[in-house]
1. Report, in debye and to the nearest 20, how large the dipole of the range A:320-367 comes out about its Cα centre when Lys and Arg carry +1 and Asp and Glu carry -1 on their Cβ.
2. Kindly point out which whole DSSP H helices in chain B project their C-alpha atoms 24 angstrom or further along the helix axis while averaging a Kyte-Doolittle hydropathy of -1.0 or above.
3. How far, in nm to one decimal, is B:R434 from itself in the other copies if the label point is set 7 angstrom along Cα toward Cβ? Shortest first, please.
4. Picking from A:I161, A:A171, A:L448, whose Cα lies most toward the positive end of the charge dipole for chain A (charges on Cβ: Lys, Arg +1; Asp, Glu -1)?
5. State which stretch of chain A is the longest one without any exposed GluC sites (Glu not before Pro), exposure meaning a DSSP loop state and at most 13 other Cβ atoms within 10 Å.
6. Label position 7 Å from Cα toward Cβ: report the copy-to-copy distances for B:M261 in nm, one decimal, ordered from shortest.
7. Please go through the range B:71-177 and write out the trypsin sites (Lys or Arg not before Pro) that DSSP classes as loop and that have at most 15 other C-beta atoms within 10 Å.
8. Just tell me how shielded B:319-329 is by partners: mean number of partner chain Cβ atoms within 10 Å of each residue's Cβ, no decimals.
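Just so you know, all these numbers are worked out from the coordinates, no wet-lab data involved. Not measured: the values here are computed from a predicted model. Backbone-built Cβ (ideal geometry, glycine too); neighbour counts: all protein chains shown.
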Protein chains: 2
Amino acid sequence: MEVRSRSFEFISKNYRNYIDLLKNLVSFRSVAAWGTEDLRACAEYIAEVLRERGFSTFLKSAGGAPAVFAEIGKGSRAVLIYNHYDVQPPDPLELWESDPFKLTIKDGLIFGRGVADNKGNIAARIGAIDSLLDYLDDLDLKVKFLIEGEEEIGSPTLNSIVSEMLDWVRADGGIWETGYLRRNGSLSISLGFKGMLYVEVILRGASRDVHSGMAPIVPNPAWRMARLLTKLKTEDGKILVPGFYDDIDPEFVRTAEELIMKMNLEELEEMKEELGLKEFVGGLRGFEALKELHTKPSLNVSGLYAGYTGKGSKTVVPSIAGAKIDIRPVPGQKPEKILENLRRYLSELGFSDAEVVVRSMYPAGYTKPGEAIVRASVEAAREVYGLDPEIIPLSGGSGPIYIFTNIAKVPMTGAGVGYYGSRNHAPNENIRERDFLLGMKHVALTLLKFTQI
Amino acid sequence: MEVRSRSFEFISKNYRNYIDLLKNLVSFRSVAAWGTEDLRACAEYIAEVLRERGFSTFLKSAGGAPAVFAEIGKGSRAVLIYNHYDVQPPDPLELWESDPFKLTIKDGLIFGRGVADNKGNIAARIGAIDSLLDYLDDLDLKVKFLIEGEEEIGSPTLNSIVSEMLDWVRADGGIWETGYLRRNGSLSISLGFKGMLYVEVILRGASRDVHSGMAPIVPNPAWRMARLLTKLKTEDGKILVPGFYDDIDPEFVRTAEELIMKMNLEELEEMKEELGLKEFVGGLRGFEALKELHTKPSLNVSGLYAGYTGKGSKTVVPSIAGAKIDIRPVPGQKPEKILENLRRYLSELGFSDAEVVVRSMYPAGYTKPGEAIVRASVEAAREVYGLDPEIIPLSGGSGPIYIFTNIAKVPMTGAGVGYYGSRNHAPNENIRERDFLLGMKHVALTLLKFTQI
């Protein structure tokens, strides 16, 4: 326990230095959506900070913002830490109570764009490594940082960047960018993310919108779109694309369902109330709802449009009807195959003229709960936060984690300095000072435990 | 034929004066959508022009732009001429080749906003009356003008204005604002307009849009909207609202179908080609398509929306799905009853939570082809244009003609100085100089024949 207590002592004594580091990170306007020079400047600053500590570093890009690669230690066991230095736009600015690009501390809360998502985690993790720097050789540990700059716009070039760096990226375990503290004080750890198949389905009628006096004879694609959508899903939520559920990994389902049964049901009921819902889809309740949310694939209409969608009335026969559909596959499912089945199915239903434009396509990524890095993170969380963490098999959302778990074969676990009130992506993004300190200890302890498993 | 030849001689000799009058009318920026003082100024100018000729005039409004009432002659037979002095906005301005509010004549074409719709008809009709002014007593004819200023925004106050003036408005026959010359040179005369029941149907889910990671459990109203729409109409266009077709006037259908069989099919085929359509709804062709268009009620989706409808992708479970639905009843159908049946039907289908917001509601208006004013207009058209006019039982569009035909019980017929290339509502609106002259003669001859039937 000597290393552990020295590490924790270092963190308790020095954690304010890492708030200063966070202050510098926040000052970069590294908004991925803006695509400005601030992105590269932020990447270079991080590389410099890591170089000062002895990391060997380089930047690599594939047409977009560069990713920072940094490595330290000669140990035989490697851990990969994934973060991103880019942030969401600060809009709407008028709702911020402080300058989003100037770190502001008030009543134990730290405000600024990116403090939770994801610059606070960069700073905390650098602090955690610093606390272990003197012992890396004893621990036989190598630490790698991969910090990209396009996460908030869907990581469009990360796959290309990583594909060329597979040997470098490989590791025995990895720490994913996020995780957050729940209301009861426990850490929420997600073991993976669903994939994404985002398609826009477009049906066309006449070559232009026409006066709706012509409706008796001019075909209106809105009617066909309505019919098409009813063929994709039953009223109680079963997805009707042929073969849709075939490839789901049964081993994933088994372990995921076990995890679900240990989850807390409170947040589900709170959410139902907050959203003003009488009931969830198909009357789902309790663990069944959590299973649906965290282990099942989804098919959703994110957007639907035809004709005049503004205020008041206008009378047209629309020439186009479109549906933006996001499908989220779970482990085992192949988005390419789902797309192929969807296209064939639409054709069989009489919609062979439907355009299916693919906007995003990648599979789910998942790490088994028995992996060393997960066990290390769970045990560390229990000790640092004094409560069993909440383990979520798959986040309801999607992310490019498959690049690590499926391609580079790195088991990944989440951790983070944010909390339920962090307002990621929204004005007044914030973290709690105490969580920053504890998050740093959690990462340090995770790495220590990882070397002992 | 003495009056006729003197009238025609007057018109041939003086018609350029009425182009000057049209020039003055076009110079008023009487755009109903803008609601500016130009509307009243234009109304006052027209009243002044008519007063100079001996008309007794007054303006009347019901909270919007005033309508001009003008009357001349002591005859026992009265004719009512309906026009509107308001125009559509000139946008997009950059596509005009001349100033829209400055009459411009080039190569036999007269350009300006409103020359076809509807100021050209005001000027031509004043010319036609002028040619008959000396003979009104001999003809035992009284002529009334009702010229409103809100037609282009749906005549929101016309019904109130007319309701208080029913005795004044009553007449033995009336001439509606429009009509146009077809490619083959014949006059197109519509005997009426369908009504309008415009509703916005809204379904709600959660109290706000949520991240579509929640799609497995949060209800999405877009799916329900799709299901709702498929219950309104079959694939081949049959409307499924109970009792929808019950009240259609069989006498209307019989006479309308007779008229359809005399119509020209060419324009239908041209339109199909211009709109890039392989076929019309349900494979309709020829007279069957014309029957559907000009005698049957319609139910159309003018707009459909849910969630994110912009470019690219965003992932949400929409909290609202809406459909803008325009229903166009034909003679006999009562929009209030259709609305009631629609509401009950949606409720029975499980959509009792659907909000049905009514944006517009009025019945069809139709005049029988045997009415004196129609026969007069048809005979006059045959003589002036040298071809049988094309009689359309109901225009595919809608209009407030029911106020005259159904409430004030005035049989109405159309006539107009525009042509197939007039570009109503669009940049470079224009009429042909020759049509302006002939249109003036057509109205004069219609009135003469009307006194002789």
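1. Working: 7 positive and 6 negative charges, 39 e Å.
With only Lys, Arg, Asp and Glu charged at Cβ, the dipole is about 180 debye.
2. Values: long enough: B:2-27 (37 Å, -0.53); B:433-452 (29 Å, 0.23).
Those that clear 24 Å and a mean of -1.0 are B:2-27, B:433-452.
3. 9.1
4. A:I161
5. It runs A:280-453.
6. 7.7
7. Loop-located and lightly packed - B:K74, B:K102, B:R170.
8. Details: counts 2, 0, 2, 2, 5, 12, 3, 8, 1, 5, 0.
For this peptide, the per-residue mean of nearby foreign Cβ atoms is 4.
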